[in-house]
Structures are given as structure tokens and as C-alpha cells.
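The values are calculated or read from the model by the stated rules, or taken from the named source; none is laboratory data. Quick caveat: nothing in here was measured; it's all calculated off a predicted structure. Every residue, glycine as well, gets a Cβ built from its backbone with ideal geometry; the counts of neighbours run over all protein chains shown.
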Amino acid sequence: MSLLELKNVTLKFGGVTAVNELSLSVEEGQVFALVGPNGAGKSTVFNMISRFYTPVTGSIVFDGRDLLTLKPHEVPQLGIARTFQNIELFDRATVLQNLLVGRHRLRKTTLVEEMFFVGRARAQERAHRHAVEEVIDFLDLQPYRNQMIAGLPYGVRKVVELARALSTRPRLLLLDEPASGLSVEETQDMRWWIDDIRRQMGITVLMVEHDMGLVSNVCDRVLALDGGRKLAEGTPAEVQSHPAVIEAYLGTAAVSKTANATGGRV
Amino acid sequence: MRFHFKTTYDQDIRLFPDWWTFGLYAALLAVMLILPWLIDGFFLGEVTNVLIWAVAGLGLMLLTGQTGQVSLGHSAFMALGCYLCVILMEAGVPFVAAFVLCGILTGVLGAIIALPALRLHGVYLAIATLALAILADDLIVILTPWTGGVAGKFTPEMTILGFEINRWANPASWYYLVLIVAVLVALIYRNLLRSPLGRAFAAIRDSEISAQAMGVDVAHTKAVAFGLSCAFTGLGGALMGLYAGAFNNETFNFLLAIQLLMMIVIGGLGFIHGAFLGAIVIAFLPQALSILSDQFGRAMSIPGLEMGVFGMILIAFIILEPMGLYGRWMKIRIWLELFPFARRDMFRRQKSYLKTERLR
Amino acid sequence: MEFLQLLVSGLANGCVYGLVALGFVLIYKATEAVNFAQGDFMMLGAFVMLGLVNPQYMGINFWLAVPLALLIMGALGYLLDITVLRHMFGQSQTAIVILTIALGFVIRFIAGVIWGHEPVNLHSPLALGDMRAFGVVLSLADIAVIVVTVILTMLLWQFFQRTKLGLAMQASSQNQMAAYYMGIPVKRVQGAIWALAAIVACVAGILYASKGSLDISAGFIGIKAFAAAVIGGFGSLPGALMGGLIVGVIEPFASRYLPPGYSQIAPYVLLILVLIFRPHGLFAQVRTKKV
């Protein structure tokens, strides 16, 4: 059984159909990428999985549970974490505090315990702090622990957001353009991390990405979207050479040319 | 400059980062404890007043500074706490029980009132709470059988385990009562900050959408924040009313809520210290002004002078030091610690542009 | 007949609320800020007019004083933007809310020092005559208030819909940086809008003072105007006027038909109900943030 399964999902904003009859399934342990031009509906798919949007028709099932019956804050409880395209960190908190918010779904203490810091509160804090430290180690965030987000450079924030998502101990990680705005070196790091997240932590990754280099390096499976519709699905190589994909990116005329020139490979 | 060489996670969790800081606060507490022997009754009364404002301010700080929700209606909850406490005492409940109960009840009622208001963002919440504060005045009059209406109510006799708390006969007793409440409230506040709930508050302040993506139930957490905030402010209101000796519908009018908000902004939004620093300003400003006007040799009493000057101070702070007194103090401290290596542009604010969430 | 009388006086009051609410909406539309001092702007405008017209001050002819007062208030609004509000550029709504509340206190204080705290009357030709029609007594001031308000609302509405400056103002409110890049002088546009809001407040003030006595706490009707703006939806100019009229009409009817004590809470109860059930006003629509 697939870990995440979307079936015939359609979403409309007013008269615009943002996602049209989309089906996809992500297997446990896969790195799955959504690609496509801007406005293709990739982030919208993420926002439906996060339950910020509700599709008009179709179903979204995670590990046998219907996501559409849940509220947005209940989704992370199942083990789904995400990052955002335009970094949504808690700006006036430190890196450490941001990561600790990631542990919120594992909160066991009651209000009274926290008010007087008695009972499980201290042990729980230690456990959270330890778990977060492991993520900090993994992503090399040691120098930034006590720094405010507001003063950090873009590249670091991107990593902090990834760290925060990892702190939730997810089973499925949604990465919305993890490499956008990163330098070549940072993108390289991101590539290793995604690889390790899958291999060492056993976390399934679903990502939206424009950088085809990154996609073909780390992904098992790619789905190309355009205008809210599925264009092609398969391995990175298959999708890149798919005529419909080339057409969507380069226009019709280019298809025959590139097809002739490269024998179907881009 | 002190460096923290951390060896255990507890160093990030405990209340004070090191022995030095702990020593400072212990010394401060010691001074506060022997204060009645150091200053006369009048100034002790003023310090009591500062602490009362600080308790109420901590309540609003939790909501506005921590959770990012502006309330212009906390005077209503001060009134609620005060009337509940006195009504309970008149019903024969001992003072301590009535006091704790009034805090809890105000908190619960506050959370219930907040539920529909939670859908409101920013300015809309401010306006709704302002309306609430104005309504409170009229509601107190409408509920005259319970509240005494315009005639008001008087502080009943207060005793703790047979020991009488009386402002006139024994100012120190009142001082200690308020000090204990203030320290307890500050401690609870601090405990919340190092717990998941406090971080969830900050998460909501900074980005509701990603708080949700981290599993924070925004509506529920906001209601809890509102409830806790109202509980603290209710305690502050109860202390204020009891300390004044008599109160009626006009004691807790909406200007009080606005003063409270201005106070925490001047003190420093989001800092426990800010509530205390702001309270010092608000409690001593009238004294400072009257001393000043005596200096000018005129017994001038300009109505609105206090609020006018307070407004000007606030404007100056928002423009020049949005982090308030505490923020300024932190900068001075860092400057001193780094001396002579501090650079001017260390504290320069990043230029920001407003981009709204409104599409139309 | 009593019904009609209540309605007319309610409408006239409502127009003043509507005018103040118009000021809120202007600033909100253009800068995304809410000016909690708008009511005090109105009070200040009325006092500036009073200072120009009343014999114990300057004693200028009323009709000559009107443009003068508008000019002074416009200049004051622009000055305020340069000296205070420009420093708030790019800061959060909350900070501006608190700042403008403080500004209101300062304005009230200054007005109290200059003009005293006793209620005074503006020597206005509008305050003199009244008319009778269909058994309803209409004061000249009431008619003037209604006529001026309707005209002003239409003008401002057209201004935002049609003119380049109006569109620039809307653009700069929604994304300051993008507006910059598009060549909109965002700061100057903001200055203009504060001046405009001050002028509208002055008009409201003159009309308010013509209807009755004036004192420095007159600015508190700003709170009722808030109710009006919220009911109408903060982003809509005609909405603000409608909201003002609703609040204005409710008041006299509530005080006529409800037991005393309940009547003055009617507008606020309505405000809270609107906020709960239509949080963005009766006439507006808002979508949530995109991520």
C-alpha cells in the first residue's frame, strides 16, 4: 500500500481550476518530486495535503487515513511535516525555539504542569532538547542555536526550516522548493541531506523543485504538472524526455528540434 | 562578557542561565523583602502600586507580547476579576480562596468570550475588545444588584489566616501580599515560556500558518492564551480595586485598558521585565509631573496632562526604541559588556517593507 | 411622525460617524494602517475652525474660514506624516495602532491647553435656521451634513476607482516594495493620504460643531465611527458611509424604545455581533494568506 495517495483530486479557485483530476501515489521510502512550470499547481497540492485547501472532489489518503476529515493542525500528528516556499519561520524566536516548536505535536504535559513546571514538564523538556540537538547535529546548525531568525541569512533559514520539519519526527516530509535561492554549494548540501533523510532516517520525501539537477540526483520518481494536470510520471530520465514535458517547458516548436537533435533526451 | 560553556541540556531549561544571574535576582528579591524597613509608608504604597500594575501588565503581555494579539479591552477583565473577588468575599469566601477563584473564573470567562473573537485578526480584535471595554462600564450599571452600579462597592475586610491586610493600618501587609502575587505570576509566566505552550504562543505570533503546520491548534491555543491573560489581568484588577478601597463602574473604564497597553509597549513588548519597567513609568509619572510643575512654581493642574505626556513618551519609544525600556537596557548592557568593541551599527534595524495578507 | 423625526436626526448623526469612518477607510486603503486618532483629528479640525471663526479668537467670516481650516488641517496631516508616521514605515499594524492611540491623547492634551476644557459653540451660520417639512423639523446643519457627506463620499469613491493617484494609493498599501519598483513614490503617496484624511476629518469636525456644542472629548465619537467602519467593512468607502448611517439611526431608536442604560450599548453590541458573524464587515470580502 502506498504511504500517500491522491485520487482524482480537483481544486478550483472561483472559476480557475488549479488542480485538475490529479492522482498520484508516494511509496514508503521514496523521494518523489513534483515538477512543472510556475502556476502549475505544485504548491497547491502541498497545501491540500496540509489541509489549508480542501479539494472539490477526490480523496487524499495517508497510511490508510483519510486526510480530508482532518483539520490543518491534526495533519502533523500523523507524521506529515512540511517546509514552505517563502520560508515561514518564527522570526522573533531563536533557532532553538523554532525547532522546539517542531516538537509541539509530541507535547504530553498539561497546562497546570507547565505553569508550575512540575511533573513531566522537566523530563519532557530534556527529551525535546535532546531530540532537537540531534537534528542540529545532523544539519550542522550548531553555530546558530541561540540566534534570532530575523538576523539569519537566507540559506541558513532554509536549513532551519528543514530542521524544524525534521524535529517533528515525520514519516512523510513535504519540501516546497528546498533549493530555491540557494547557492551551488548550499544546493549540494541540500542534496546530501535529502539523501540522508531518506537513507538514515527512513523518511519518505515529497518535494516540489525547479532545479532539475537536484531532482534527477535524489529522486526516484517524478511527476510533471502543468495547468493542474498530470503531464507525465516516471523516473527522472523518463519524465525529462517526455514530449509533453518538453513542450510545456520549451513550447511546441522546440519539441521536434530537440527530439531530432538529442534522440529524445534533454 | 560571560560565556556559557554548556554541558547539560538543563542549562537551557533552568530559570537562570548561570549563578551570577541567579545571584542578581536573589539579591533583588532580598531587597524587595526588606523594603518596608528601608522606605516610608508613602513610597511603599507607590511600590505596591507599581507591582499591581505589573501583575495586570503581565497578563496583557502574555497576550500581546507573546501571542501577538492586541487587546484594548483588558480593563473589562480587570473589572471582572475585581467584582468577582469582592462578590465572593461578601458571600463569605475567605480572601485567599476568593482571590484565587476570581483569577480562575476570570480566565475561564475570558477564554469563553475569546472563542468567537479568535477568528479576528490584528486591528479587528483590537476594536472588538475596545467595544467590550466600553460595554463593561454600562454592564456594571445594568447589573447594579450585584455590582452596586454607580454607587460602587467598598473593599471588605481582608484577612489571611486571621492576619489582617489593611492598607492604612499596616501598609507592609499589603505590600507583601502584592509582592507574593507578582512573583508568583512572573514565575508562572516564565515557566510557560520554557514550555511547549509558551513556544506555541510565539509561533502563533510569528506565523499562524506554519504554527498549524507544526501541529499547533491555533484556535485552541489562542483561547488558552486569552484565558491565561485574562486570569492574570483579573488578579491585577482585583488587587487594584481592593487597594483603592472603593470602586465603581468608572474605576475600570476603557482608558485603563489603553494605559495598560501603552505601559507594556513602553516597558518592552514580549519581556517579563518590560511589564515591571512599564509599571514603574506609569506609577511614578504622576509624581514626576507634579514635582516638575511644582518646580515651575505654579500649582498647575492641567487635565489630561498625564495622558498627554504618556502619549508623547510612547510615541518617542515606538519611533526610537520599539523594543521599549527593556530593549534599550539590553543594548546598553551588551555595549558595556563588549566595551570598547561595540560598533554603532550592531543594533541597526533591518529595513522592512509592509506586505499585507489582504488581496483586495 | 416621531418615527420620521428619529430617522432624520439619526441619519444626520450617522453622516458625521460616516465621515469619520471615511477617514479610517482612506488611511486603511492606502497604508493598511488604522488611525485610532481619526476622531481626535475631527475634534482638532472643529477647534481649528472655531479658532478661526469665533469672535473671541480671530473672528473671520465663516465661509472664508472653511477653506482655511481645511488647508491648515491638511498641512497638519502632512506634517504629522513627515514627523511621526514616516518613521513607522514598514512596521506592523499593531505598532501603528498603538502609536495613533497615543497620538490621540497628545492631540487631546494640546487642544485642551489651547482651547480649554469647557464645552463651546462654533459660530456657524448652519446652526441657525431650521425647516419644517412633513411635520419633521430639519435643522440647516442636519441638511448640510447629509448633503456634504453624500457628495464627499461619492467624490472619494470615484477618486479611488478612477484616478491614477487613487490606484497608486491602493497599490502601495498592498505591497510597498512592489509599489516602489513600479515607480510609485510610496512615501509621498502616504503623506498625501494622511493630509486627505485630516481634511475629511476637518469637514466632519466643522459639521459636527455646527450641530451642537463642542469639547475636547468630542474625539471619542471616533469609537462609534469605528463601529461604522467595521460594519461597513474597512476596505470600502460607501460601506463606511452605510455603516455610519446604520450606527447613527440605531442610536435614537434605541434610546427611544429600549430601557435606559441599554440604549447607549446598542452600537457596540451591533459592532460585536458584526465582528463575530461577518468579521470583515457587511460589504467586504477577504481571502487568507497564500503560502
Just to check your reading of the model, which residue among B:Leu228, B:Leu242 is assigned to a helix (DSSP H, G or I), under 23 Å from B:Val185 (Cβ atoms), at the interface with chain A (Cβ under 9 Å from one of its Cβ atoms) and of a type in the set (A, V, I, L, M, F, W, C)? B:Leu228
Going through segment A:70-84 one residue at a time, which ones are in a loop (DSSP other than H, G, I, E, B), more than 7 Å from every other protein chain (Cβ to nearest Cβ) and either under 22 Å from A:Val135 (Cα atoms) or touching a residue at least 24 places away in the same chain (Cβ under 8 Å) (or both)? A:Val75, A:Gly79, A:Thr83
When you check A:Ala123 against the structure, is it within 11 Å of chain B (Cβ to nearest Cβ), surrounded by fewer than 16 Cβ atoms within 10 Å (Cβ to Cβ) and either out of contact with any strand residue (DSSP E or B) (no Cβ under 7 Å at 6 or more places or on another chain) or hydroxyl-bearing (Ser, Thr, Tyr) (or both), yes or no? yes
So if I check each of B:Ala151, B:Ala182, B:Ala172, which one is touching a residue at least 60 places away in the same chain (Cβ under 8 Å) and not in a helix (DSSP H, G or I)? B:Ala151
Within segment C:93-119, can you find the residues that are more than 8 Å from chain B (Cβ to nearest Cβ) and either in a loop (DSSP other than H, G, I, E, B) or surrounded by fewer than 18 Cβ atoms within 10 Å (Cβ to Cβ) (or both)? C:Ile114, C:Gly116, C:Glu118, C:Pro119
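Quick grid of which residues meet (1) of a type outside the set (Lys, Arg); (2) assigned to a helix (DSSP H, G or I); (3) over 28 Å from B:Ala225 (Cβ atoms):
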{"residue": "B:Phe22", "(1), (2), (3)": "yes, yes, yes"}
{"residue": "B:Ala56", "(1), (2), (3)": "yes, yes, no"}
{"residue": "B:Gln69", "(1), (2), (3)": "yes, no, no"}
{"residue": "B:Ser75", "(1), (2), (3)": "yes, yes, no"}
{"residue": "B:Cys85", "(1), (2), (3)": "yes, yes, no"}
Among the residues of segment A:17-37, is there at least one that is within 14 Å of another protein chain (Cβ to nearest Cβ) and out of contact with any strand residue (DSSP E or B) (no Cβ under 8 Å at 6 or more places or on another chain)? no
May I ask you to say which residue of A:Arg105, A:Arg92 is surrounded by fewer than 17 Cβ atoms within 10 Å (Cβ to Cβ), of a type in the set (D, E, K, R) and within 8 Å of chain B (Cβ to nearest Cβ)? A:Arg92
Does segment B:271-281 hold any residues that are within 14 Å of chain C (Cβ to nearest Cβ) and surrounded by fewer than 24 Cβ atoms within 10 Å (Cβ to Cβ), and which are they? B:Val281
Give just the number: which of (1) surrounded by fewer than 24 Cβ atoms within 10 Å (Cβ to Cβ); (2) out of contact with any Pro (no Cβ under 6 Å at 6 or more places or on another chain); (3) within 14 Å of chain B (Cβ to nearest Cβ) does C:Phe234 not satisfy? (1)
Please go through (1) more than 14 Å from chain C (Cβ to nearest Cβ); (2) modelled with pLDDT of 75 or more; (3) surrounded by 11 or more Cβ atoms within 10 Å (Cβ to Cβ) for B:Phe339 and return the number of the only condition it doesn't satisfy. (3)
Would you be able to tell me the number of residues in segment B:193-215 that are facing chain A (nearest Cβ under 8 Å), in a helix (DSSP H, G or I) and within 23 Å of B:Gly122 (Cα to Cα)? 13
C:Leu4 passes all but one of the listed conditions (1) in contact with a strand residue (DSSP E or B) (Cβ under 9 Å, 6 or more places away or on another chain); (2) more than 19 Å from C:Val145 (Cβ to Cβ); the exception is number (2)
Considering segment C:157-185 alone, what residues qualify as being at pLDDT 70 or above, under 19 Å from C:Gly23 (Cα atoms) and surrounded by 14 or more Cβ atoms within 10 Å (Cβ to Cβ)? C:Trp157, C:Phe159, C:Phe160, C:Leu165, C:Gly166, C:Leu167, C:Ala168, C:Met169, C:Gln170, C:Ala171, C:Ser172
Of these, A:Asn38, A:Asn47, which one is polar (S, T, N, Q) and at pLDDT 90 or above? A:Asn47
Can you tell me which residue among A:Leu4, A:Leu89, A:Leu24, A:Leu34 is touching a residue at least 60 places away in the same chain (Cβ under 8 Å) and in contact with a Phe, Trp or Tyr (Cβ under 6 Å, 6 or more places away or on another chain)? A:Leu4
Residue match in segment C:75-92 (condition: out of contact with any Cys (no Cβ under 7 Å at 6 or more places or on another chain), at positive phi and within 12 Å of chain B (Cβ to nearest Cβ)): yes
Tell me whether segment A:104-117 contains one or more residues that are farther than 26 Å from B:Thr221 by Cβ and out of contact with any strand residue (DSSP E or B) (no Cβ under 7 Å at 6 or more places or on another chain). no
Where residues in segment B:179-192 are surrounded by 21 or more Cβ atoms within 10 Å (Cβ to Cβ) and more than 12 Å from chain A (Cβ to nearest Cβ), which of them is nearest to the chain's Cα centre (by Cα)? B:Ala182
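A quick yes/no check of all residues on (1) modelled with pLDDT under 95; (2) under 28 Å from B:Ile204 (Cα atoms):
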{"site": "B:Tyr83", "(1), (2)": "no, no"}
{"site": "B:Ile87", "(1), (2)": "no, no"}
{"site": "B:Leu105", "(1), (2)": "no, yes"}
{"site": "B:Val108", "(1), (2)": "no, yes"}
{"site": "B:Ile113", "(1), (2)": "yes, yes"}
{"site": "B:Leu118", "(1), (2)": "yes, yes"}
{"site": "B:Leu125", "(1), (2)": "yes, yes"}
{"site": "B:Ile134", "(1), (2)": "yes, yes"}
{"site": "B:Asp137", "(1), (2)": "yes, no"}
Among the candidates C:Val189, C:Val230, C:Val200, single out the residue that is β-branched (Val, Ile, Thr), free of Cβ contacts under 8 Å to residues at least 60 places away in the same chain and part of a helix (DSSP H, G or I). C:Val230
Would it be correct to say that B:Thr251 is within 14 Å of B:Met78 (Cα to Cα) and either in a helix (DSSP H, G or I) or under 18 Å from the mean Cα position of the chain (by Cα) (or both)? yes
So B:Gly92 ticks every box in (1) on the phi > 0 side of the Ramachandran plot; (2) within 14 Å of another protein chain (Cβ to nearest Cβ) but one. Which box is left unticked? (2)
Would you confirm, using the coordinates I've provided, whether A:Thr17 is surrounded by 14 or more Cβ atoms within 10 Å (Cβ to Cβ), assigned by TED's automatic domain parsing to the domain that holds A:Pro236 and more than 30 Å from A:Gln142 (Cβ to Cβ)? yes
Determine if segment B:87-102 includes at least one residue that is in contact with a strand residue (DSSP E or B) (Cβ under 7 Å, 6 or more places away or on another chain) and either farther than 29 Å from B:Val265 by Cα or surrounded by 14 or more Cβ atoms within 10 Å (Cβ to Cβ) (or both). yes
